[in-house]
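Working notes for the structure below.
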Amino acid sequence: MTDLMTTLPVQPGPQTDPKLGSIAEKVQHGVRLNAEDGIALYQSSDLWGVCELANLARRRMHGDVAYYNVNRHLNYSNICALSCSFCAFHRKKDQDGAYEYSIDEIRVEAQRAAESGATEMHIVGGLHPWLPFEYYLDMLRTIQEVAPDVHIKAFTAVEIVHLARISRRGRDGAEGIRAVLMDLREAGLGSLPGGGAEVFDDRVHDEAFKGKIRGDAWQDVHRMAHELGIHTNATMLYGHVESRPERIGHMMLLREQQDVTLQAWARTQKIPIQESINSHGQMEPAVVLTGPEKMYPEDRLPLLGTCQTGWYQTCIPLPFIPDDSELQHLYGPTGVENLRTMAIARLMLDNVPHMKAFWIMQTLPLSQLMLQVAGADDIDGTIVWYDITKVDGAGTHQETSVADLHRVIREAGLRPVERDTLYRHVKRQGAEWTAHSLP
Ligand code: V47
């Protein structure tokens, strides 16, 4: 622990909103918040009180550490069978700006990633109507061949369902998805990113992304990945046509799924299991990692590594960027709403180890604030290329340097730690790097 850590308050200060009192009490004692608490946090007049609680939970888990990684995003094609109204990325085959990477181009990108010291390639694209399943396997094998040390985090659950359809693997949906996940893993897939989750609510689904898989199907893919020992992330795309209670509903569903995944591990680790009311009004076991005792798995990761199960590592709340989408008549969420949503995600998702402020969508200054006061402990990475959203007229080249990420984190009073995709700490010596489970 640094000096900074020992001088930071370990208890939240007094709240100016009396309604926060009972919530503060729960957070202080590591008691799980319920859906009503989540809504009260959204309604509270005391935003700083909300942030302070989230910061307390974050500090308990991560101390003064803020994570970043050296990565490269690759959006291999923007051609998509779907036309989601919030998305400005998708194109039809003959439309201006439609593109797809050849395997040779992907090889070059992977070589560049390895040469630049990246530890991760984050790869997602549209639901391409005619690229065969072999293309995706070739992509992974090629990257593995030229960049064997680079972790491949690829394909949202939406793409996985698409791949299961086009590969015609398995007799039913679930069998096909499992088979595809195993094939992809064998070809080099390391983990799944959190994209495509949007908001787990059928009303919101039908209004803003009809045609995409629903929340339950998205969660099924991640459950199967976890069962196969593949780690995944989870996003929530908010600030468009959904309501705040619908966001809380999304968080509750993620949390319930993570509880099921973590239960067996929690028992072996003697982590107390609480009872909580789930979104169907039933009592269910709850694994809370944000309480006063150090229960965060980081120092238990070697054990988790042997438990064969994957889980949600990180939640990434994504603010809707209206620019160039069909919903561009809407305002996106304000900075204040983004800050509040990050804080609430930290507090509600008490069993998800990491909260990521994705700087591409949140901007660097706001991500810094989220690290400093709103419960985020991760800022993503150097990125280099990003095509899905462009804030304030940015182009596809959206890169930041390690020096800048360090500066942003240090200015927030935190300690920058480079991580790999699995949150192992990365040590560098010249051009060589190694990843360690413990600092
Ligand atoms: O799946 C699309 C979202 C996602 C817009 O796992 C939009 O570590 C805002 O999932 N405004 C891709 N969001 C990004 C993503 C992600 C990013 C960083 C880290 C990780 C991770 C995952 O972006 C899409 C979709 O949900 N999206 N359009 C938009 N207009």
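The values are calculated or read from the model by the stated rules, or taken from the named source; none is laboratory data. Keep in mind it's a predicted model, so treat the numbers as computed, not measured. Glycine gets a Cβ as well: all are built from the backbone with ideal geometry, and neighbour counts include every protein chain shown. These area figures cover heavy atoms from the full protein model, side chains too; ligands, DNA and RNA do not enter into them. Shrake-Rupley method; radii C 1.70, N 1.55, O 1.52, S 1.80 Å.
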Query raised in the report: Excluding ligands, DNA and RNA, what is the solvent-accessible area per residue of the chain at a probe of 1.4 Å, expressed in Å²?
Result: 41 Å²
Query raised in the report: Label points 7 Å out from Cα along the Cβ direction at TRP385 and ASP216: separation in nm?
Result: 3.9 nm
Report task. Would you tell me the accessible area of ARG244, worked out with a 1.4 angstrom probe on the heavy atoms of the protein chains, in Å² to the nearest 10? Result -> 80 Å²
Report summary line: Sequence order, region 221-228: Karplus ³J(HN,Hα) from phi using 6.51 cos²θ - 1.76 cosθ + 1.60, θ = phi - 60°, Hz rounded, Gly and Pro as x, gives 4, 5, 4, 5, 4, 4, 4, 7
Query raised in the report: Using a basic spin-label model with each label point 7 Å from the Cα along Cα→Cβ, how many nm lie between VAL402 and ASP138?
Result: 3.4 nm
Query raised in the report: Where Lys and Arg each count +1 and Asp and Glu each count -1, what net charge lies around MET121 among other residues with Cβ under 14 Å from its Cβ?
Result: -3
Query raised in the report: With all protein chains present and a 1.4 Å probe, how do LYS212, LYS294 order by accessible area, largest first?
Result: LYS294, LYS212
Query raised in the report: Tell me, which longest segment in the chain has none of the GluC sites (Glu not before Pro) that fall in DSSP loops with at most 14 further Cβ atoms within 10 Å?
Result: 1-292
Query raised in the report: Hey, rough spin-label estimate for GLN429 and THR16, points 7 angstrom out along Cα→Cβ, what's it come to in nanometres?
Result: 5.3 nm
Query raised in the report: How long are the semi-axes of the ellipsoid equivalent to region 360-439, from square roots of 5 times the Cα gyration tensor eigenvalues, in whole Å, largest first?
Result: 23, 17, 11
Query raised in the report: Quick one: of the DSSP bridges fully inside the chain, what percent are antiparallel, nearest 5?
Result: 35 percent
